[in-house]
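Peer 1: What follows is a structure written as structure tokens; I'll ask about it next.
The values are calculated or read from the model by the stated rules, or taken from the named source; none is laboratory data. Keep in mind that this is a model prediction, so the values were computed, not measured. For neighbour counting, all protein chains shown are included, and Cβ atoms are generated from backbone atoms with ideal geometry for every residue, glycine included. Keep in mind that these areas ignore ligands, DNA and RNA; they rest on the heavy atoms of the full protein, side chains included. Shrake-Rupley method; radii C 1.70, N 1.55, O 1.52, S 1.80 Å.
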Amino acid sequence: MLRTLTINLSKSRLIKNADSFIGKYKKLSSGVPKLNSVQPAKSVNAMEDKSIYLLPNNQRFVELDSSQAFENLTKQEKLYAHYLSRAAWNGGLIVLLQTSPESPKIFSLLHRIFLAEPLEELKKSAIKVGISEDDFQAFLVYAGGLFANSGNYKGFGDTKFIPNLPKESFESIVKASKAYENDSTHIAKLWENTKDAMYNIAPRLTSLGLSDKGITTYFSSNCTEADSNLVNDWMKTKRLEAYICRTFKTVADDGLPLYTIHLASVEKSAKPPLTMEKEKYKNAYFQVTRGDYSPLLSLVNENLSKAVEYAANDNERNMLKHYINSFREGDLDEHKEGSRYWIKDKGPIIETYQGFIETYRDPSGQRGEFEGFVAMVNKEMSQKFGALVDGAERFLPRLPWGAALEKDAFLRPDFTSLDVLAFSGSGIPAGINIPNYDEIRQNEGFKNVSLGNVIPAAYKESVIPFLSESDKQLLEKYRVAAFEVQVGLHELLGHGSGKLLRQNADGTFNFDKEKVKNPLTGKEIESWYTEGETYDSKFTTLGSAFEECRAEAVGLYLSLEPEILKIFGYEGQEAQDVIYVNWLSLLWNGAAKATEMYQPSNKTWLQAHARARFVLMRLLELEGNGLLTITEQEPGKNLLLTLDRSRLATDGKKIIGDFLVKLQTIKATGDVAAGESLFDTYSRLDEPWNRWRDIVMLHKQPRNIFVQPNTVLEGDGVQLKRYAASAEGMVSSWVERFPGTRVHDALERLADADRAHFADLLLL
């Protein structure tokens, strides 16, 4: 999406999960949660501490409440939302297969156990065989984490988590279950197939990545970065985008590598030109097949077909029909066509987008994770975002890179605030800017979606170290308001701005090659995008972090505009406080949270938004001459971040403005080498940050896990079923979401089919 502002970040391209940098769309009141200081733990080497791979027994579960918005829907709208939600949830199971080889079977094992008997009965049986209350709670928390992240790697940060109870205790619970009693052969086989992988924290298995840097199922485990680059080169020659594929490497009869690009689709048979016979390229063979995730996509289409019957207009019906065609055939162009109808469907009561969307977790930054959301309009907040859209053509020229690097015409997007009813995938964003397809975003438009009920839930019981008491008090009062402003600017004017300089198929250019100059050199433009090249295909692994940094910087830069603050209802001193908190919150995230997502062992950033925020924090720390300072207050235990608010509109604006010119110029011209050099400068963990990361890890708090509702058919209508904000409520929601074994069987068959491609991981 162009990506995702998460709360700790941003999913947009999506704003993504909601954790640290958050602010929500709701009225400010005494109801905003208190920000408590956190006591540092004893000093240990965080990378040697097994606890970083555990979800604690006091893991916070929070309800994602959408009941008020749902009850305001008509009967037809509720039915439409119900079938869309069912499609999203079934599609979200694909992420288990996209996360790790063992995730599908761990899910099946746990879900079969919970499906077979009430939790109370399972707990009684477990305690009867000697399991402690703590170990049973750890079992539930692990299950809740696996369900929430759609696998055993965190959706935010991509690090592995393992059960917080001994393997022997886990096995005792499995064997005490009714599911084991009913079918001991099958449950025992699932346990044997997953137990070692579930607990294994060998270095390569602790995070997602390619080859020796981690594990990925977007490529078979024998693929290296060189393999990935070769595959991407071949796909570029065929003008194939990688959103809906995975790649498996085997050996051809003559001993050369054979790369199979496997498309996601219901249909499995050959169908040129979607599929391609084996051909040779650079001393290797390539072929394209289809049928990946077939049984799960079949379930998606069953529900999308039912949703069509309750759609409100032709745009929605056409959108869904093209999605169905795309999932059935493995045709990305069909999904693009559905996205075009989605853009045309302005201000719907029920909003949805489903498919292989975000590319964060593909090590080469091009393959999309399945994601599906269903949400309902929040009229009050949507009015504010609408006013921001109305002013966009006035605000865009205020960005510092000049008209030559801006889009030729502003494509007015739909920008609405929505309450999430269902969000499947590895995590829930706070906002979304989609579609990610370059040609549609540049020439036809996009939508900005703010997910209004996510942030308040994400902020519950939030804690914030490394700030003075006065700054904490300001955050407590204005954090929600500031994030509301940042979401709008990040999504609409961040991801929605900027031109890609391109040479067209006929040799012409979309810019005046004689007149347009490079703002960084003053010389003529020397690089651009050629036919078949996209931002993702050129910037690959750097792309997400680079674009998120650009969007975040736009949010900081334009939040200084009084006219924009007034749109959101803030003037005078209150506006100044909101501006300060916006900058403070983002920079605090860069200092106090971002390095949680850095892996010192191989100097790798595990999360794009985290790297983006760290870059902006380091930029202001290094270039600000005291504008931003971080000091070590207690050796090895505590830090203090201080921001000089009196200089934000002067020095702060100039530093961020100059940096934005660099970011947009590099992006517009496709200058990947310059982008990598720039980011290397500011995202290296030089001392003292390499040492300060251990202090950050001492204060690390688990991210909240969202408990989402289910929609249930009752008679000829639909009811919303809510669940307790607890591990038990989380488990119950997932049991009732999939009340049969059809999905278990599908997941197990698919995992078995993939097994040979990841066999070497069993040896770690």
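Peer 1: For Phe466, work out the one condition from (1) on the phi < 0 side of the Ramachandran plot; (2) over 21 Å from the mean Cα position of the chain (by Cα) it doesn't fulfil.
Peer 2: Of the numbered conditions (1) on the phi < 0 side of the Ramachandran plot; (2) over 21 Å from the mean Cα position of the chain (by Cα), the odd one out for Phe466 is (1).
Peer 1: Going through the range 718-734 one residue at a time, which ones are over 17 Å from Leu299 (Cα atoms), touching a residue at least 12 places away in the same chain (Cβ under 8 Å) and outside any loop (DSSP other than H, G, I, E, B)?
Peer 2: Val718, Leu720, Lys721, Ala727, Glu728, Gly729, Met730, Val731, Ser732, Ser733
Peer 1: Pull up the range 240-290, narrow it to residues that are open to solvent by 10 Å² or more (accessible area, probe 1.4 Å) and touching a His at 6+ places or on another chain (Cβ under 6 Å), then point me to the one that is farthest from Pro435 (Cα to Cα).
Peer 2: Only one residue tops the list, namely Phe248.
Peer 1: Being closer than 28 Å to Met597 by Cα and open to solvent by less than 30 Å² (accessible area, probe 1.4 Å) narrows it down to one residue among Ala746, Ala727; which is it?
Peer 2: The match here is Ala727.
Peer 1: Another question, if that's okay. Before we move on, is Phe107 open to solvent by less than 20 Å² (accessible area, probe 1.4 Å) and closer than 30 Å to Ala759 by Cα?
Peer 2: In short, yes.
Peer 1: State which residue is farthest from Pro709 (Cα to Cα) when the search covers only the range 359-390 and only residues that are open to solvent by 10 Å² or more (accessible area, probe 1.4 Å) and in a strand (DSSP E or B).
Peer 2: Glu369
Peer 1: Which one of the conditions (1) within 27 Å of the chain's Cα centre (by Cα); (2) open to solvent by 10 Å² or more (accessible area, probe 1.4 Å) does Thr530 fail to meet, given that it meets all the rest?
Peer 2: Going through (1) within 27 Å of the chain's Cα centre (by Cα); (2) open to solvent by 10 Å² or more (accessible area, probe 1.4 Å) one by one, Thr530 breaks only (1).
Peer 1: Being not in a loop (DSSP other than H, G, I, E, B) and not hydroxyl-bearing (Ser, Thr, Tyr) is the filter; apply it to the range 507-537 and report the residue that is modelled with the lowest pLDDT.
Peer 2: Asp536
Peer 1: Tell me, please, whether a residue that is of a type in the set (Ser, Thr, Tyr), farther than 18 Å from Leu586 by Cβ and surrounded by fewer than 17 Cβ atoms within 10 Å (Cβ to Cβ) can be found in the range 693-716.
Peer 2: The answer is no, given that none of the residues of the range 693-716 is of a type in the set (Ser, Thr, Tyr), farther than 18 Å from Leu586 by Cβ and surrounded by fewer than 17 Cβ atoms within 10 Å (Cβ to Cβ).
Peer 1: Let me ask another. Among the residues of the range 619-629, is any closer than 24 Å to Phe546 by Cβ and part of a strand (DSSP E or B)?
Peer 2: The answer is yes, given that some residue of the range 619-629 is closer than 24 Å to Phe546 by Cβ and part of a strand (DSSP E or B).
Peer 1: Right, another one. Within the set of pairs 6 or more residues apart or between chains, which connect a residue that is among the hydroxyl-bearing types (Ser, Thr, Tyr) inside the range 169-196 to a residue that is open to solvent by 60 Å² or more (accessible area, probe 1.4 Å) and not in a helix (DSSP H, G or I) with Cβ atoms less than 9 Å apart?
Peer 2: Correct list of pairs: Ser169/Gly130; Ser172/Val129; Ser172/Gly130.
Peer 1: Looking at (1) surrounded by 21 or more Cβ atoms within 10 Å (Cβ to Cβ); (2) in contact with a strand residue (DSSP E or B) (Cβ under 8 Å, 6 or more places away or on another chain), which is the only condition Leu190 fails?
Peer 2: (2)
Peer 1: Scanning for something closer than 24 Å to Leu628 by Cα, modelled with pLDDT of 90 or more and crowded, with 24+ Cβ neighbours inside 10 Å, does the range 567-576 turn up at least one residue?
Peer 2: no
Peer 1: Which condition does Ala176 not pass, out of (1) in contact with a Ser or Thr (Cβ under 6 Å, 6 or more places away or on another chain); (2) within 18 Å of Gln59 (Cα to Cα), if it passes all the others?
Peer 2: Every listed condition holds for Ala176 apart from (2).
Peer 1: Quick check on Glu632: is it buried (at least 19 other Cβ atoms within 10 Å of the Cβ), of a type in the set (Asp, Glu) and either in contact (Cβ under 8 Å) with a residue 24 or more places away in the chain or part of a loop (DSSP other than H, G, I, E, B) (or both)?
Peer 2: For Glu632, the condition - buried (at least 19 other Cβ atoms within 10 Å of the Cβ), of a type in the set (Asp, Glu) and either in contact (Cβ under 8 Å) with a residue 24 or more places away in the chain or part of a loop (DSSP other than H, G, I, E, B) (or both) - is not met.
Peer 1: Between a residue in the range 439-451 that is closer than 17 Å to His335 by Cβ and any residue that is open to solvent by 50 Å² or more (accessible area, probe 1.4 Å) and outside any strand (DSSP E or B), which pairs come within a Cβ distance under 8 Å, given they are 6 or more apart or on different chains?
Peer 2: Note: pairs meeting the criteria are Ile440/Arg340; Glu444/Arg340; Gly445/Arg412.
Peer 1: Then there is this: I'd like the full set of residues that are buried (at least 22 other Cβ atoms within 10 Å of the Cβ) and either over 30 Å from Phe511 (Cβ atoms) or of a type in the set (S, T, N, Q) (or both), limited to the range 644-664.
Peer 2: Of everything in the range 644-664, those that are buried (at least 22 other Cβ atoms within 10 Å of the Cβ) and either over 30 Å from Phe511 (Cβ atoms) or of a type in the set (S, T, N, Q) (or both) turn out to be Leu648, Gly652, Gln664.
Peer 1: For a quick check of your reading of the model, give me the residue pairs whose first member lies in the range 394-423 and is more than 21 Å from Leu660 (Cβ to Cβ), whose second is part of a loop (DSSP other than H, G, I, E, B) and of a type in the set (Val, Ile, Thr), with beta-carbon atoms closer than 8 Å and at least 6 apart or on different chains.
Peer 2: If the second residue must be part of a loop (DSSP other than H, G, I, E, B) and of a type in the set (Val, Ile, Thr), the pairs left are Val420/Ile428.
Peer 1: Would you mind listing the strands (runs of 3 or more DSSP E) fully within the range 240-289 where at least 1 residues are farther than 23 Å from Pro101 by Cα and out of contact with any strand residue (DSSP E or B) (no Cβ under 6 Å at 6 or more places or on another chain)?
Peer 2: Where strands (runs of 3 or more DSSP E) fall fully within the range 240-289 and carry at least 1 residues being farther than 23 Å from Pro101 by Cα and out of contact with any strand residue (DSSP E or B) (no Cβ under 6 Å at 6 or more places or on another chain), they are 276-281.
Peer 1: Now for a separate question. What about Ala751, is it over 25 Å from the mean Cα position of the chain (by Cα), of a type in the set (A, V, I, L, M) and farther than 22 Å from Ala457 by Cα?
Peer 2: No, not satisfied.
Peer 1: Need pairs with beta-carbon distance below 8 Å; first residue in a helix (DSSP H, G or I) and within the range 565-578, second among the basic types (Lys, Arg) and open to solvent by 20 Å² or more (accessible area, probe 1.4 Å); sequence gap 6+ or separate chains.
Peer 2: Qualifying pairs under 8 Å: Ile567/Lys384; Ala575/Lys566; Gln576/Arg645; Asp577/Lys477.
Peer 1: Another question about this same structure. Applying the selection to the range 700-725, what residues are touching a Ser or Thr at 6+ places or on another chain (Cβ under 9 Å) and modelled with pLDDT of 95 or more?
Peer 2: Val707, Gln708, Pro709, Asn710, Thr711, Val718, Gln719, Leu720, Lys721, Arg722, Tyr723, Ala724
Peer 1: Are any residues in the range 158-178 open to solvent by less than 10 Å² (accessible area, probe 1.4 Å), assigned to a helix (DSSP H, G or I) and farther than 20 Å from Ala202 by Cβ, and if so, which ones?
Peer 2: Of everything in the range 158-178, those that are open to solvent by less than 10 Å² (accessible area, probe 1.4 Å), assigned to a helix (DSSP H, G or I) and farther than 20 Å from Ala202 by Cβ turn out to be Ile173, Val174.
Peer 1: Quick check on my filter: what residues within the range 442-473 are more than 29 Å from Arg693 (Cα to Cα), out of contact with any strand residue (DSSP E or B) (no Cβ under 7 Å at 6 or more places or on another chain) and open to solvent by less than 10 Å² (accessible area, probe 1.4 Å)?
Peer 2: Once the filter is applied, which keeps residues that are more than 29 Å from Arg693 (Cα to Cα), out of contact with any strand residue (DSSP E or B) (no Cβ under 7 Å at 6 or more places or on another chain) and open to solvent by less than 10 Å² (accessible area, probe 1.4 Å), the range 442-473 yields only Gly445.
Peer 1: Considering every residue within the range 213-227, establish whether at least one is surrounded by fewer than 16 Cβ atoms within 10 Å (Cβ to Cβ), without any contact (Cβ under 8 Å) to a residue 12 or more places away in the chain, over 22 Å from Lys105 (Cβ atoms) and under 29 Å from the mean Cα position of the chain (by Cα).
Peer 2: Scanning the range 213-227 turns up at least one residue that is surrounded by fewer than 16 Cβ atoms within 10 Å (Cβ to Cβ), without any contact (Cβ under 8 Å) to a residue 12 or more places away in the chain, over 22 Å from Lys105 (Cβ atoms) and under 29 Å from the mean Cα position of the chain (by Cα).
Peer 1: Then there's this: So in the range 305-354, with the set limited to residues that are in contact (Cβ under 8 Å) with a residue 24 or more places away in the chain, of a type outside the set (D, E, K, R) and under 22 Å from His262 (Cβ atoms), which one is most open to solvent (accessible area, probe 1.4 Å)?
Peer 2: Taking the candidates together, the pick is Leu332.
Peer 1: While we're looking at this one, here's another question. Can Thr741 be described as among the polar types (S, T, N, Q) and buried (at least 21 other Cβ atoms within 10 Å of the Cβ)?
Peer 2: Judged against the criteria, Thr741 is not a match.
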